[in-house]
1. In µm²/s, what is D for the stretch 77-178 at 10 °C and 1.306 mPa s, where D = kT/(6 pi eta Rh) by Stokes-Einstein and Rh is the Kirkwood radius from Cα pairs?
2. Gain in length, W110 to V84, computed as 0.36 nm per residue apart minus the alpha-carbon separation, to one decimal in nm?
3. In which sequence would D90, D158 go, from the one with the fewest C-beta neighbours within 10 Å to the one with the most?
4. So how do K72, K85 line up by other beta-carbon neighbours within 10 Å, fewest first?
5. Roughly how many nanometres apart are two label points built 7 Å out from the Cα toward the Cβ at Q75 and M175?
6. Would you list W110, W126 from fewest to most Cβ contacts within 10 Å?
7. Could you size up the charge dipole of the stretch 66-170 around its Cα centre, putting +1 on the beta carbon of Lys and Arg and -1 on that of Asp and Glu, and report it in debye to the nearest 20?
8. What is the distance, in nm, between label points placed 7 Å from the Cα along the Cα-to-Cβ direction at R145 and at E168?
Amino acid sequence: METSRDQSQSNGDAVRHIAIQLDPSFRPNAHSTHPSKTGMSGNGSDSDRSKEPFLDNTETPGQRTIYILVRKTEQADETPVFRVKEQNADAVLVFTYREAALLYLQVARWTSYGVRELSPIELSQWVPALESSEVAFLIVNANRRHHERSDDLQNAIDVRRIQDLTGENLYQEVMTES
């Protein structure tokens, strides 16, 4: 995992970014197709359905996903890494629902960032890669104003202490911390 340094070092700002490199063969169907608003056209064949738009960033009830902040670069999506001074460690933010991630971005006024969902399988790839990039904590459902004013960890998971790094276990750890 490659990292890039950011110029800002103030409290609540990312100190670096980590490229998100996941095996695309494990990517679940994150997009869903829906019938066009004008109704079915053509003969209803697969070729007609393949022309219908994909609706990106939709949540399906019961969907098991975690959300992270990303900025797109030419090489890969990157997630911001924050310094936790009191722990002398780095952390990334994860959110259990999309609205919390979007609110964080709005309050921070980070217009170059977006939200990406991770399935439990992708989480099981991402967290060990974070550890190899010396990220020790996942901060769950961070509040941007609190994050700016304080150096405490809010709802934090120390990934160094988790022994079972399977996707389902990581997903449950994040959901429990929320």
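We did not get these values from a lab; they are worked out from the coordinates using the rules stated. Remember, predicted model here, so these are calculated numbers, not experimental data. Here the Cβ is made from the backbone with ideal geometry for all residues, glycine too, and neighbour counts use every protein chain on show.
1. 114
2. So the extension gain works out to 7.3 nm.
3. Going from least to most buried by this count: D158, D90.
4. K85, K72
5. Going from the Q75 label point to the M175 one covers 3.5 nm.
6. So the ranking, lowest neighbour count to highest, is W110, W126.
7. 440
8. Result for the modelled spin labels: 4.0 nm.
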